[in-house]
Amino acid sequence: MSPFESGRRLCLLVEAGETRYAVEATSVMEVAMSGANGSSLRGVLEVKDLSALLGGPPEEGAGMVVVLDVSPTLAVRVRSVVEVADVARAPFFLLPPGLADSLAPLSRGAVLHKERLYLELIAEALPHRVGPRSSPASPRPVHWAEAAPERALVFESQGLLYGVPLGFVSQVVERGDAFSVLPVQSGPVAGIFPHVQVLWPICSVPALLGAAPAPEDFFILTELAGRNVGLTATRVLGVLQRFVPDDTAGSFRAPGLPDPVLFLDLQRMFS
């Protein structure tokens, strides 16, 4: 629940890159059209690209300019301004473990407004120039399962079949508008998703093996090594059993499936 139980708390809600952001209105000096010369506001104030400042790709198109009341004054270009909203009673979520280490200097958490998640930015903490904010996290060591579970949920992700022991699975949900990608998609985390008053990190299993996360329609919500972790899926085939080992490590076959199912030791990888 929101920690702001009384009064108003106005935030400017914007979109930049593939991510939605909230900035407290008290930190906003001005909102203006970008104009013909997108690199400056009225030829006086240099305009920085918010998406690029946060480590993402530069914004395409003119967009809008938000002038922030920080020292020195910072003008940032965003893709669009959604609205100014009172979020005092909007559900507020703390960042999940792991993400907080890299985003905590820039964000207080996330607010859910009209079923859409907005990453709340700390205006004073925004960088004034493009550059890496922190060293990239080391990739997780890959551990293949030595044996398949008795029953597992099988799903497809980026063209391959994967399995998760049924005991780790709590629910399968559709992606929906509440999902938010992160400013920088690096490593296995594709984004964050609010569910049952908790903000879930959504990971891509192929990304654990070195691929880039890809947009997929479903999330498999699991508990791995005591953590809430969502896994992306293109489609969910269902609960299967009677797995037999295939030719390669972590690969098993099940009756009725033409392709092998890959099992990672996710408990060990997320511990």
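So which of Arg151, Arg235 ends up being touching a helix residue (DSSP H, G or I) at 6+ places or on another chain (Cβ under 8 Å), open to solvent by 50 Å² or more (accessible area, probe 1.4 Å) and either more than 22 Å from Phe93 (Cα to Cα) or not β-branched (Val, Ile, Thr) (or both)? Before you say what the answer is, go through the steps one by one.
Numbers: Arg235 fails: touching a helix residue (DSSP H, G or I) at 6+ places or on another chain (Cβ under 8 Å).
Every option except Arg151 fails the conditions.
State whether the residues of the stretch 247-254 include one that is assigned to a strand (DSSP E or B), open to solvent by less than 30 Å² (accessible area, probe 1.4 Å) and closer than 17 Å to Pro97 by Cβ. No. Looking only at the stretch 59-71, count every residue that is out of contact with any Lys or Arg (no Cβ under 9 Å at 6 or more places or on another chain) and open to solvent by 50 Å² or more (accessible area, probe 1.4 Å) and tell me the total. Qualifying residue count for the region: 2. Residues in the stretch 156-183 that are without any contact (Cβ under 8 Å) to a residue 60 or more places away in the chain and of a type in the set (D, E, K, R) were compared, and the one that is least open to solvent (accessible area, probe 1.4 Å) is Arg175.
Criterion first (buried (at least 19 other Cβ atoms within 10 Å of the Cβ), under 26 Å from Ala90 (Cβ atoms) and without any contact (Cβ under 8 Å) to a residue 40 or more places away in the chain) does Ile202 satisfy it? Considered against the rule, which asks whether it is buried (at least 19 other Cβ atoms within 10 Å of the Cβ), under 26 Å from Ala90 (Cβ atoms) and without any contact (Cβ under 8 Å) to a residue 40 or more places away in the chain, Ile202 comes out as yes. Restricting the stretch 205-226 to residues that are within 16 Å of the chain's Cα centre (by Cα) and open to solvent by 40 Å² or more (accessible area, probe 1.4 Å) leaves a set whose member that is nearest to Val172 (Cα to Cα) is Phe218. Restricting the search to the stretch 42-55, which residues are aliphatic (A, V, I, L, M) and either open to solvent by 20 Å² or more (accessible area, probe 1.4 Å) or at pLDDT below 85 (or both)? Hits for the stretch 42-55 are Val44, Leu45. Of these, Asp49, Asp86, which one is farther than 17 Å from Ser107 by Cα and touching a Pro at 6+ places or on another chain (Cβ under 7 Å)? Within the list Asp49, Asp86, the selection yields Asp49. Here is the figure for the stretch 184-199: residues that are hydrophobic (A, V, I, L, M, F, W, C), open to solvent by 20 Å² or more (accessible area, probe 1.4 Å) and free of Cβ contacts under 8 Å to residues at least 60 places away in the same chain total 1.
Looking at Pro213, is it touching a residue at least 12 places away in the same chain (Cβ under 8 Å), over 21 Å from Ala145 (Cβ atoms) and in a loop (DSSP other than H, G, I, E, B)?
Considered against the rule, which asks whether it is touching a residue at least 12 places away in the same chain (Cβ under 8 Å), over 21 Å from Ala145 (Cβ atoms) and in a loop (DSSP other than H, G, I, E, B), Pro213 comes out as yes.
Contact map, the stretch 243-271: residues that are closer than 18 Å to Pro206 by Cβ and touching a residue at least 24 places away in the same chain (Cβ under 8 Å) paired with residues that are β-branched (Val, Ile, Thr) and open to solvent by less than 10 Å² (accessible area, probe 1.4 Å), Cβ distance under 6 Å, separation 6+ or inter-chain. Pairs shown: Phe252/Val261; Val261/Val154.
Under the condition of being of a type outside the set (Ser, Thr, Tyr) and modelled with pLDDT under 90, the residues counted in the stretch 182-197 number 10.
The values are calculated or read from the model by the stated rules, or taken from the named source; none is laboratory data. Keep in mind that this is a model prediction, so the values were computed, not measured. Every residue, glycine among them, receives a Cβ derived from its backbone with ideal geometry; neighbour counts consider all protein chains shown. Just the protein is used for accessible areas: all its heavy atoms, side chains included, with ligands, DNA and RNA removed. Shrake-Rupley method; radii C 1.70, N 1.55, O 1.52, S 1.80 Å.
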